[in-house]
1. Need the failing condition index for ALA172 against (1) of a type in the set (Gly, Ala, Ser); (2) modelled with pLDDT of 90 or more; (3) within 30 Å of GLY69 (Cβ to Cβ), just the number.
2. Is region 130-153 home to any residue that is surrounded by fewer than 16 Cβ atoms within 10 Å (Cβ to Cβ), touching a Ser or Thr at 6+ places or on another chain (Cβ under 9 Å) and at pLDDT 90 or above?
3. Check region 226-233 and report whether any residue there is part of a loop (DSSP other than H, G, I, E, B) and within 13 Å of the chain's Cα centre (by Cα).
4. With respect to LEU185, determine if the residue is in the same structural domain as ARG216 (by TED's automatic domain parsing), in contact with a helix residue (DSSP H, G or I) (Cβ under 7 Å, 6 or more places away or on another chain) and either closer than 19 Å to ARG220 by Cβ or at pLDDT 95 or above (or both).
5. Going through region 22-41 one residue at a time, which ones are without any contact (Cβ under 8 Å) to a residue 40 or more places away in the chain and touching a strand residue (DSSP E or B) at 6+ places or on another chain (Cβ under 8 Å)?
6. Before we move on, is PRO19 touching a residue at least 60 places away in the same chain (Cβ under 8 Å) and farther than 22 Å from HIS231 by Cα?
7. Quick test for you: out of ASP198, ASP212, pick the one residue that is buried (at least 18 other Cβ atoms within 10 Å of the Cβ), modelled with pLDDT of 85 or more and in a helix (DSSP H, G or I).
Amino acid sequence: MTDPKYGDELAVVTVTYSPGETLDRFLDTLGKATERDVRVILADNGSTDGAPERAAAERDNVILVRTGGNLGYGGAANRGVAELGPEYGWVVVANPDLEWDDGALDTLLDAAGRWPTGGAFGPLIKNPDGTTYPSARLLPSLGKGIGHAALGRIWPGNPWTTAYKQSDTEVAERPAGWLSGSCLLLRRAAYEAVEGFDPRYFMYFEDVDLGDRLDRAGWRNIYVPAAQVTHIQGHSTAKSSDRMLRAHHDSAYRYIADRHTGWRWAPIRAAVRAGLALRLKLETR
């Protein structure tokens, strides 16, 4: 499943929103993640700290693209990819608060050669304390989703959360339902085939939705734990946690509602909306 209209060059698109000094670390470590020449697009959603401007001025391979507002994560990523010519057949979409392990991108590209139907490839993502973030998960179903949402915080080891996060699954290269959008290597042909991220998801679940649509279109989401990165999570959202919680719950409802349409599912949609509203109220009180 390849498309001859795309070349073999590599680009990285990162969505910036006042990323601070983390952006420098992202770009510094990116240089050791691949032996290839790489073009970097900073899709900027309205930074005010000057970090994207400095990076673009000081680094020859970095281009600043202003989105014209705050489009959210998926919308800005799409805007960044739209700047790339057809010679770029491989696109990485990644958060700017990542640090790359040596060779991480080349390891992902090597895996892509082993999985010709792979549309998205995700590394093992480490937390700053060295623990592993569960970045390759099952697609959420109503049963697992409700169990995880209701019990995930008060009983982290519950069977629904364990199954959804694949906590008991061997750490090995394998297909997954979806991969964390904080770091994705995307086959350009697959990305374009599903029209990229759905911009209706302002933040959160845009990666779940993308993984599902790739799968429905015949592409696989491949977890590649031999490639590793560290994610310093929440840098640009730390000061707006309540707003981000609301965005998370809105996106969760959109994902479920999009897949359970029509009047027959109306009672389920209403119950999910009410349950998410209650969960949000408890978390923001």
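The values are calculated or read from the model by the stated rules, or taken from the named source; none is laboratory data. Because the structure is predicted, anything quoted here is derived from the model rather than measured. Cβ atoms come from the backbone with ideal geometry, glycine included; neighbour counts cover every protein chain shown.
1. Here ALA172 clears every test but (3).
2. yes
3. Yes: one or more hits.
4. When the stated conditions are applied, LEU185 passes them.
5. Selection gives LEU27, ASP37, VAL40.
6. no
7. It is ASP212.
Residues are listed down the side, and each one gets a yes or a no for (1) modelled with pLDDT under 95; (2) surrounded by fewer than 23 Cβ atoms within 10 Å (Cβ to Cβ); (3) part of a helix (DSSP H, G or I):
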position: GLY74; (1), (2), (3): no, no, yes
position: LEU84; (1), (2), (3): no, yes, no
position: TRP90; (1), (2), (3): no, no, no
position: PRO96; (1), (2), (3): no, no, no
position: LEU105; (1), (2), (3): no, no, yes
position: LEU108; (1), (2), (3): no, no, yes
position: ALA112; (1), (2), (3): no, yes, yes
